[in-house]
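Have a look at the structure below, then the notes.
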Amino acid sequence: MHEKTIIMIDYFMTNEALLQYVGNQMRQMRINARLSQQQLAERAGVSRSTVTQVENGKGMKMESVVAMLRVLNKLEILNNFETQAVISPLLIAKLLGKVPKRIRPRRS
């Protein structure tokens, strides 16, 4: 039985460490798809050296990563970039007309 190492992404990781992590994940996705670097490169419209650079975490263009994810049928990973608009409580109160125009200091 294989034990899976779980890496927790956090803000203490360097950019280099994060790129290395992404590269390792891309490599594993390619291997799981049973594609050689050359096959992935041809299907994604990038060079084999680009695939190698991405997998080694050595700088990557988003365009190349997106093209590779498309070939690997993993575009759903990009759903993690979706954000929800947050409306501040003050804005909600203002829209409801409940924000005082001025605040007076309290008397003791």
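Each residue, residue 32 and residue 8, gets one label point 7 Å from its Cα in the Cβ direction; the gap between the two is 2.2 nm. How far apart, in nm, are the 7 Å Cα→Cβ label points at residue 93 and residue 63? Going by the 7 Å Cα→Cβ label model, 4.8 nm. Here semi-axes √(5λ) of the Cα gyration tensor in Å was computed from the coordinates, and among [x] 98, 5, 5; [y] 23, 15, 13; [z] 47, 18, 13 the match is [z]. Once the Cβ-Cβ distance of residue 86 and residue 18 is raised to the sixth power relative to R0 = 41 Å, the FRET efficiency obtained is 0.95. Only Cα pairs within less than 10 Å get springs; with that Gaussian network setup on the chain, which residue of 74, 58, 94 has the largest fluctuation? Sorting by GNM fluctuation, first place goes to 94.
At 0.36 nm per residue, and after removing the present C-alpha to C-alpha distance, how many nm does the segment from residue 56 to residue 102 gain when stretched out fully?
Between residue 56 and residue 102, full extension yields an extra 10.8 nm.
Read-outs throughout are calculated quantities, based only on the coordinates presented, and are distinct from any laboratory measurement. Predicted, not measured: the structure shown is a model, and the values here were computed from it. No Cβ is skipped: glycine too gets one built from the backbone with ideal geometry, and neighbour counts run over all protein chains shown.
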